[in-house]
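For reference, the structure is listed below as structure tokens.
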Amino acid sequence: MGTPARGGTLCPVCLRPAGSGRCHEHGPWEPHQLLTRDDRRRAAASPVRQPFEPRVQACPRCLGEVALGRLGFHCVEHGHSRDGHGPYRVDELLGPTAQREAALHRMRLARRTRARRDAQVIELQSLPWPDAARTARLLGGAAVIAATLAFLAR
Ligand SMILES: [Zn+2]
Ligand SMILES: [Zn+2]
């Protein structure tokens, strides 16, 4: 899809694709504020703690704690990893209102992901059934062929 491996593409609030940093509802964003697919995966795998308590300011990519460094604010938890969060200017951090909405969207994403995973587990557990159905279909097909042959032979 032409998405670069580095650099985010998703709105930090609603996690929807924000083409060139513009989300219809929440944009515009600077490129380094956008969520990468890894960020999204991380958000999907780790449910937001409940009840959600917004910080005064939070990392737009993970809603985590930020600390002021030499170059600006960086994410305490993810600031120094390979694809580090930040540094951000103070007005690039998420305030409490945006954090609440962002947390809501992340919660929904995590719930959807969990539901999909559960559905897959159920599918795996019922694997013998599709096989049985296919066998029945094959037998049904054989019966039709036999009937056709019988009809032709008359
Ligand atoms: Zn958005
Ligand atoms: Zn972060």
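Applying a threshold of 9 Å to beta carbon distances and a minimum spacing of six or more residues, or different chains, the list of pairs starting in region 129-148 at a residue that is on the phi < 0 side of the Ramachandran plot and ending at one that is modelled with pLDDT of 70 or more and part of a helix (DSSP H, G or I) reads 130/123.
Within region 88-97, can you find the residues that are more than 11 Å from ligand 2 (Cβ to nearest atom) and closer than 13 Å to residue 33 by Cα? Break it down stepwise before answering.
Of region 88-97, the ones more than 11 Å from ligand 2 (Cβ to nearest atom) are 89-92, 95-97.
89, 90, 91, 92 - these are the residues of region 88-97 that are more than 11 Å from ligand 2 (Cβ to nearest atom) and closer than 13 Å to residue 33 by Cα.
Every condition in (1) in contact with a His (Cβ under 7 Å, 6 or more places away or on another chain); (2) at pLDDT below 95 holds for residue 66 except the one numbered (2). Among the residues making up region 49-87, a single one is near ligand 2 (Cβ under 8 Å from one of its atoms) and open to solvent by 100 Å² or more (accessible area, probe 1.4 Å): 77.
The values are calculated or read from the model by the stated rules, or taken from the named source; none is laboratory data. Since the structure is predicted, the reported quantities are computational estimates derived from the model, not experimental observations. Heads up, the Cβs are rebuilt from the backbone with ideal geometry, glycines too, and the neighbour counts pull from every protein chain shown. Keep in mind that these areas ignore ligands, DNA and RNA; they rest on the heavy atoms of the full protein, side chains included. Shrake-Rupley method; radii C 1.70, N 1.55, O 1.52, S 1.80 Å.
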